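Visitor: I have a structure here, written as structure tokens, and I will follow up with some questions on it.
The values are calculated or read from the model by the stated rules, or taken from the named source; none is laboratory data. From a predicted model like this one, the values you see are computed outputs, not experimental measurements. Quick reminder, even Gly has a Cβ in these numbers, built from the backbone with ideal geometry, and neighbours come from all protein chains shown.
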Amino acid sequence: KAARKEGFDHYMLKEIFEQPKVVKETLTPRLPLDVDDIVLDDINMSKEVLEKINKIYIVACGTASYTGLVGKYLIERVARIPVVAEVASEFRYREPILDENTLMIVVSQSGETADTLAALRLAKKAGAYVIGIVNVVGSTISRDADDVLYTWAGPEIAVASTKAYSAQLCAMYLLSIKIAMELGKISKDEFVELRKELYALPEKVSKVLEQADTIKNLANKYINSKNVFYIGRGLDYAVSMEGALKLKEIAYLHAEPYAAGELKHGPIALIEDKSLLVGLTAHEELYEKTVSNIKEVKARGANVLAIALEGNEEISKTADDVIYIPRTHWMFTSILENIPQQIFAYYISVGLGHDVDKPRNLAKSVTVE
Ligand code: G6P
């Protein structure tokens, strides 16, 4: 039966508001409170295989590839295994180095994306172990991967991915922690703390959604921006990619994600009066450094919209506007930081009169190469 909008103007908005539920359903069944472990029923990879893994590739397309960037950051940091995150359309053609000590993680909402599937098959042929993070049950990628970690996001109708991405991030959080625990890099006590934070996430997602009207006003304020730059460092940089993509996809605005530290190596030359800078600052270790980059851009005439953690209110002295997100463990900031970007892009698209759910030239699932 066809999904319905349930009173929302568009599927995209409905799906944005489903995120507390989606996050809960992807996380909590895997985090039973009576054992101090993550239970991933569908992952059969043995400890023996895992212990031999010396390299991980995370391969995907579009929004799913940005889950890969977050995954790279998390897995390298907590499990200390080198990770390459790459788009499938590049990975598959460059004779990547794969063997039985390689783990490949493929991420796909549809489970049917042609390039992602081709990358998976290449890896399997070379003897690598493949785990799929997939939303559509029974899809080709879910069948071809050795193991599947399903994202319980339910059907996603809007072309631009929102709830599926948040569910992918949740799956990636779980997988990163699980790998690190199996390798003895995260203790039981540390895990109990992380689990507590994961249980608190759905409520924090709701808190971000409560700001939808404020974000709508900001979207209207900045609707005439000419060039939009999304900048961040570390995990914020990964989140900036998704923010810029959403704006391109549904609002048709030129938007560019940039590593904050690279700004002065080029893009700063493009900053002028009508430019908008979205400064992402939730990766707190690098907060001061990013704020100083934001100041440099502000001084050159751009408008600045910052996304910051609650408690970092002094950023309002630098930015024109600030959206605050609840504090969580550093590993889990990406999900909370991205939601304002979704809402911002949504309301700009609506304000410009575009077809939000079916943006021009784009398809929900790309099954051609
Ligand atoms: C298309 C969709 C995107 C999606 C990408 C990858 O471009 O419009 O929203 O991120 O494909 O799709 P997948 O189903 O593999 O996640």
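Visitor: Could you list, in sequence order, the residues of region 93-117 that are buried (at least 17 other Cβ atoms within 10 Å of the Cβ) and of a type in the set (A, V, I, L, M, F, W, C)?
Guide: L98, L103, M104, I105, V106, V107, A114, L117
Visitor: If N227 satisfies every condition in (1) surrounded by 22 or more Cβ atoms within 10 Å (Cβ to Cβ); (2) at pLDDT below 95; (3) not aromatic (F, W, Y) but one, which is the exception?
Guide: Among (1) surrounded by 22 or more Cβ atoms within 10 Å (Cβ to Cβ); (2) at pLDDT below 95; (3) not aromatic (F, W, Y), N227 violates only (1).
Visitor: Further question: When region 336-367 is examined, which residues are found to be crowded, with 24+ Cβ neighbours inside 10 Å and basic (K, R)?
Guide: Matches in region 336-367: none.
Visitor: Within region 100-126, restricting attention to residues that are part of a helix (DSSP H, G or I) and in contact (Cβ under 8 Å) with a residue 40 or more places away in the chain, which residue is nearest to the ligand (Cβ to nearest atom)?
Guide: Looking at the filtered set, the residue picked out is T116.
Visitor: While we're looking at this one, here's another question. Look at region 333-368 and say how many of its residues are more than 13 Å from the ligand (Cβ to nearest atom) and more than 22 Å from the chain's Cα centre (by Cα).
Guide: Total satisfying the criteria: 6.
Visitor: What pairs come out if I take residues in region 150-169 that are modelled with pLDDT of 95 or more and among the aromatic types (F, W, Y) and pair them with residues that are within 11 Å of the ligand (Cβ to nearest atom) and not in a loop (DSSP other than H, G, I, E, B) whose C-beta lies under 6 Å away, six or more apart or interchain?
Guide: Short answer, once both residue conditions are applied: Y165/T63.
Visitor: For I231, state whether it is assigned to a loop (DSSP other than H, G, I, E, B) and closer than 29 Å to K14 by Cα.
Guide: Criteria not met by I231.
Visitor: Out of (1) touching a helix residue (DSSP H, G or I) at 6+ places or on another chain (Cβ under 9 Å); (2) more than 13 Å from the ligand (Cβ to nearest atom); (3) among the aliphatic types (A, V, I, L, M), the odd one out for I97 is which?
Guide: (1)
Visitor: Do any helices (runs of 4 or more DSSP H) lying entirely in region 39-92 carry at least 2 residues that are within 16 Å of the ligand (Cβ to nearest atom) and surrounded by fewer than 19 Cβ atoms within 10 Å (Cβ to Cβ), and which ones are they?
Guide: Counting at least 2 such residues, we get 88-91.
Visitor: Taking region 294-342 only, how many residues are touching a helix residue (DSSP H, G or I) at 6+ places or on another chain (Cβ under 9 Å) and assigned to a helix (DSSP H, G or I)?
Guide: Residues flagged as touching a helix residue (DSSP H, G or I) at 6+ places or on another chain (Cβ under 9 Å) and assigned to a helix (DSSP H, G or I) within region 294-342 amount to 18.
Visitor: Identify all residues within region 137-148 that are in contact with a strand residue (DSSP E or B) (Cβ under 8 Å, 6 or more places away or on another chain) and under 12 Å from G111 (Cβ atoms); write none if there are none.
Guide: Selection gives V137, S139, I141, S142, D144, A145, V148.
Visitor: How about region 138-172: which of its residues are among the charged types (D, E, K, R) and either more than 11 Å from the ligand (Cβ to nearest atom) or out of contact with any helix residue (DSSP H, G or I) (no Cβ under 6 Å at 6 or more places or on another chain) (or both)?
Guide: R143, D144, D146, D147, K163
Visitor: Quickly run through region 217-274 and pick out the residues that are within 15 Å of N303 (Cα to Cα), of a type in the set (V, I, T) and under 16 Å from the mean Cα position of the chain (by Cα).
Guide: Listed by number, the list holds a single entry, I231.
Visitor: Continuing with this model, one more query. Hey, A363 hits all of (1) outside any loop (DSSP other than H, G, I, E, B); (2) among the small types (G, A, S); (3) at pLDDT below 95 but one; which does it fall short on?
Guide: Against the list (1) outside any loop (DSSP other than H, G, I, E, B); (2) among the small types (G, A, S); (3) at pLDDT below 95, A363 comes up short only on (1).
Visitor: Same structure again: Outside any helix (DSSP H, G or I) and at pLDDT 95 or above - does that describe any residue in region 20-30?
Guide: No: zero hits.
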